[in-house]
Amino acid sequence: MGESGRVSGAALLARLLADPAQAPGIDRRAWTGILAAARAEQLIGTLAWRLEGLPLPDRACAILRDARDGAAQARQAALWEAEMARRALAGLAVPVVLLKGTAFVAAGLSAGVGRAIGDLDILVRRHDLPAVEAALLGAGWEWVKEDDYDDLYYRRWMHELPPLIHRTRDRMIDVHHTILPPTARPTPDAAALVDASIPLENGLRILCPEDMVIHAAAHLLADGDLAGGLRNLWDIDRLLREFMAEPGFWARLEERAGRHQLRAPLARALRLTERLYATPVDADLAGPARPADALYVRRLLARDGWGRGTRRATRLAFYVRSHWLRMPPAMLARHLWIKLRKG
Amino acid sequence: MTGPLYRADPPTMRLAVEAEGLTLLYHRPSGMTHVLGPPAPELLTALAEGPADAAEIVRRLRQHHDLQDDAGIEAVVAARLDELEAAGLVSRA
Amino acid sequence: MRHGLSLGVGPVGFRIGSAWPGPIAALRGLYAGYPEAEDGIADFTVRLEPNRPWRRWIRPSIAIGGDHRLPEAAPLALAHGLLAAEMGMNLQMALGLRRYLLLHASAVERDGRALVMTGASGAGKSTLAALLGERGWRLLGDEFVLVDLAGGGLHPFPRAVSLKNAAITLLEAEAPPERFGPVLEETPKGRIRHLRPRAEAIHRMAEPAVPALILFPRYGYDKALRPVGAAEAFVRLTQASTNYVSLGEAGFRALTGLVTANPACAIDYPDTDGAIDLVETLWANLDA
């Protein structure tokens, strides 16, 4: 109980998510800091559901209840966006796979409980892109592009159409054709992602369980600078706990990771989630602890009780790394040069 | 020659408040609020009986409202249905 | 953060942190008599911080941070710390409040019933509310009106009134000097001075009021008065709310309830005394 004085911010948040039973013992003065860190990490809705029903100070309960209501609203808005996208694309009869938060709530997965959801992310086959683009534009979405260079950047070098936003609803949709930039080093098997996808009742699809975990790991480690990493890692924890009950899950996970060339990011994700959230993971697949794991943990927990990002050098190192992962060095240099010139 | 078939959510999916001849409408599935003027609310009510195309909707409307004997009415209804579709209040059946 | 303050305004608790002592000291002075956040647990955190480390000392400027932030917002001069804190608190309310329907409006109360005034910036709603608050009405708020989602009552949010330019002189003639904050010159919003509401408004900040009249005031026009129908009032109020959309059905019920139960008027006025007259007349005729 006295430990909450030493542990604070993101570290305390991670501990409470993993072990909610500790919450009633938390010193009253620590709550403002926990809530600030949770908001900054986009985890307040998740935390609110983990702590639901526990005896906590009245104010904390009220704030967490508001967070649950907010998450319910976000869920409704996300499902509606998915439905409007479905209506716009229904006539094409092509597979449309929901990704990330929207997929979790559409499929009723525990990873969706209390989750903050931003844009709608969908995955389609590369050769369906032109038809999908046309259908969305015809149904009220429009480009959010700044200029032709960014447009080119997105189409050729990233793994998605340039961002689209709906004219009246003001919500964004990101249309992907693979889960990592084609210019990045691991090259996932995009066709296999769609082929193995599972249909929902309304005709939209979600990735198969193993691919969902692998996508989350790729998103966490191979595509980003770990901003929002605690939340992405929590997704992985929840997905694993839900799916590992199925016999043969770990073997399938290994096979799919190999096919998508994402064994190393998956392994690291497993080690990190075990460390932070005590997720029971397959020891062989996770592999032995590596020295860099500590650095990742340090980055993931770089948030204080005021909601500020801390550990600046570590964060900067990861930011630079994330761009390096997305683009080979020559391309990166050119991209940064043009960005600088435009000012 | 039948036009496209439309459907609407059941009336329980909407909350309506009348104010000076306009309808303030809350659509539960989308969480969106709309301000509708006639004949939009009447079209939604007409679809409560089941999916229909513009011509069928005109027939349903005639049963409850005094409509002019006007060939152009179907086109007006079709145009309103288009708008309601964009707003998410009706969809293709 | 080095310096901090806990502040309760109406039903909302703030934790305000600052890299410099000045803004916190100024806040303590302005908000003398206000309670701390209930139970020491704040609803929102505001941070006043340098956006580059050296900005703590060299040409110090305040970047406004907190639970909710606007990434492109320009930093403010250290001398304008009070304005930065006000903007920070406003931002948290506008982007984070869920417990009540939030209207960008002012409100004053008399005999348990409330007058709500809303309109564009500069339309005069804050100044009018501040004036009425010095002339026998209880100030419920000058910037935000909090509508209870269950019962439709209005919860006070009596923060320090933010007076701009000419309104400063107007209120200096009405309220005693000890309730004013320092004059802030050349802020992005012009000349600003904050006014702490009367003690009664602070003591009764937990006491809601029943709405009775909605006004859309417009300052700087010939005197005119026009009733506003419920549908128009509804649309205008959705535009005056930052959280209507995120509240879903509860927001719809609260707002339709508000506009169908209460009359609304648009009033144009050339000067504030003319406006006060209009208001008092309308109020007297409410039950007629």
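Solvent-accessible surface, computed for protein heavy atoms with a probe of 1.4 Å, shrinks by 50 Å² or more for the following residues of segment A:41-81 when the other protein chains are added to the isolated chain: A:R59, A:D66, A:Q73, A:Q76, A:W80.
Name the shape class, rounded, prolate or oblate, that the alpha-carbon gyration tensor gives for the protein assembly as shown, where a ≥ b ≥ c are the square roots of its eigenvalues, rounded holds for a/c under 1.5, and otherwise prolate holds if a/b is larger than b/c and oblate otherwise. Cα axes put the protein assembly as shown in the oblate bin.
Kindly identify segment A:9-342 as rounded, prolate or oblate by the Cα gyration tensor criterion: order the square roots of the eigenvalues as a ≥ b ≥ c, call it rounded if a/c is under 1.5, otherwise compare a/b with b/c, prolate if a/b is larger, else oblate. Rounded is the answer for segment A:9-342, as its axis ratio a/c remains below 1.5. Helix A:329-342: angle to the longest alpha-carbon principal axis of chain A, degrees 0 to 90, nearest 10? That helix lies at roughly 90 degrees to the long axis. Contact order, relative form, for segment C:1-110: 21 percent (alpha carbon pairs under 8 Å, 6 or more residues apart, mean separation divided by residue count). Computed from label points 7 Å out along Cα-Cβ, the spacing between B:L15 and B:A86 is 2.7 nm.
Here the contact order of segment A:9-342, divided by its residue count and restricted to Cα pairs under 8 Å and six or more residues apart, works out to 19 percent.
Compared with the alpha-carbon gap, the fully stretched path from A:R311 to A:R28 is longer by 99.2 nm at 0.36 nm per residue.
Report the accessible surface area buried between chains B and C, summing both sides, using a 1.4 Å probe on protein heavy atoms only, in Å² rounded to the nearest 100. Write out the running numbers ahead of the final one.
Numbers: alone 5740 and 12960 Å², together 17710 Å².
So the buried area, both faces added, is about 1000 Å².
Across chain C, the relative contact order, built from alpha-carbon pairs under 8 Å that are at least six residues apart, equals 17 percent. Report the antiparallel proportion of the DSSP beta bridges in the protein assembly as shown as a percent, rounded to a multiple of 5. Roughly 75 percent of the DSSP beta bridges within the protein assembly as shown come out antiparallel. Dipole magnitude for the protein assembly as shown: computed about the Cα centre from +1 point charges on Lys and Arg Cβ and -1 point charges on Asp and Glu Cβ, it is near 3060 debye.
Across the accessible surface of segment B:6-88, with the other protein chains kept in place and a 1.4 Å probe, carbon and sulfur atoms take up 54 percent. Placing +1 on the Cβ of every Lys and Arg and -1 on the Cβ of every Asp and Glu, with nothing else charged, gives chain C a dipole about its Cα centre of roughly 920 debye. Using a cut-off of under 15 Å, list every residue of segment A:202-222 whose amide N is near the label point 7 Å from the Cα of A:A90 along the Cα-to-beta-carbon line. Counting backbone N atoms under 15 Å from the label point, the list is A:202-205.
Out of C:P75, A:A48, C:L132, whose Cα points farthest toward the positive end of the dipole of the protein assembly as shown (charges: +1 Lys, Arg; -1 Asp, Glu; placed on Cβ)? Value: C:P75.
What's the angle, to the nearest 10 degrees (0 to 90), between helix C:21-30's Cα axis and the longest principal axis of chain C? Computed tilt is about 30 degrees. Rounded to the nearest 10 degrees, the inclination of helix A:291-300 to the longest alpha-carbon principal axis of chain A is 90 degrees. If the segment from C:E36 to C:T260 were pulled out straight at 0.36 nm per residue, it would be longer than the present Cα-Cα gap by 77.0 nm. Considering helices alone, the calculated mean residue ellipticity of chain A at 222 nm is -16000 deg cm²/dmol, with DSSP H runs of length four and up weighted by -39500 (n - 2.57) and normalised per residue. Scaled against 2.2 N^0.38 Å for its residue count N, the alpha carbon radius of gyration of chain C is 0.98.
What separates the Cα centres of segment C:147-200 and segment C:237-288 is a distance of 20 Å. Relative to the Cα centre, the charge distribution of segment C:3-96, modelled as +1 at Lys and Arg Cβ and -1 at Asp and Glu Cβ, gives a dipole magnitude of about 540 debye.
The values are calculated or read from the model by the stated rules, or taken from the named source; none is laboratory data. Just so it is clear, the structure is predicted and the values come from calculations on it, not from any experiment. Neighbour counts run over all protein chains shown; Cβ positions are idealised from the backbone, glycine included. Heads up: the accessible areas ignore ligands, DNA and RNA and are worked out on the full protein's heavy atoms, side chains in. Shrake-Rupley method; radii C 1.70, N 1.55, O 1.52, S 1.80 Å.
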